[in-house]
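Novice: Take this structure, written in structure tokens, and hold onto it; I'll ask about it next.
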């Protein structure tokens, strides 16, 4: 009975965010990048444009064809949803919308394009603001073809959940595959197409945490996956795809590439 009481208290703290920490909160922002190798040295590469191309680009629908994205049981929310995630049972419903937002942020951060946000334009219309002549020159569409996420914690075997301990000792493995296409809106031609794969721990974000943050991450309905190995692999693929799109459309002389060694 005592263990059950501790268990319920742990779930309550997890659900309402009542766990506290001492000292001031430290906020830091790291730059996004992709993992590369220079000989035996692991590097993180970052791409930006020295001059905007003025091409208008938008992220279209991002679909998930993988079985893990389909909701097969009753929906759960709140503390129960978070408890299931700790136990290794995440939900990827709505993953497409989260990846769409992540893609928009990644393209914006290159500084190569005028990035149009469908969500932002719809919000403006609600306030009676009509946006004219903002049709994109290119649209990015993508599809998740496979997804795998495993999460386990040694703390679950003790008969109760010490909230902080369970999180700190959680082991995660994730992999993701995504098809990305770039379409010319004037001709309908697919000018770029590539399949990307990523596995947690082998991305730039698995190398000492480099690149975590930078405004490219999960939010909204997927905030429960923020900071997980799944966010790591999704972010790696999307940043890599954004760089490849920049190389496809921007003049070579406008592209600036920096490589930072990983310690």
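Quick note: the coordinates plus some simple rules give every number you see, no bench work behind them. Just so we're clear, the structure is a prediction, and the values are computed from it rather than from any experiment. Backbone-built Cβ (ideal geometry, glycine too); neighbour counts: all protein chains shown.
Novice: Which ordering of 179, 236 is given by a fewest-first count of other beta-carbon atoms within 10 Å?
Specialist: 179, 236
Novice: Report the far tail of the P(r) of segment 102-155, meaning the percent of Cα-Cα pairs longer than 19 Å. Don't jump to the answer; show the numbers that get you there.
Specialist: Working: 744 of 1431 pairs.
Counting pairs separated by more than 19 Å, the tail of P(r) holds 52 percent.
Novice: When 231, 130 are ordered from fewest to most other Cβ atoms inside 10 Å of their Cβ, what list results? It would help to have the intermediate numbers written out before the result.
Specialist: Numbers: 231 21, 130 7.
Neighbour counts put them in this order, fewest first: 130, 231.
Novice: Arrange 107, 55 by Cβ neighbour counts within 10 Å, fewest through most, would you? Don't jump to the answer; show the numbers that get you there.
Specialist: Numbers: 107 26, 55 14.
Arranged by neighbour count, lowest to highest, 107, 55 become 55, 107.
Novice: A follow-up question, please. What does the extension gain come out to for residue 259 and residue 173, with contour length at 0.36 nm per residue minus their alpha carbon separation? Let's see the in-between values first.
Specialist: Values: separation 86, 0.36 × 86 = 30.96 nm, distance 2.66 nm.
Fully extending the segment from residue 259 to residue 173 adds 28.3 nm.
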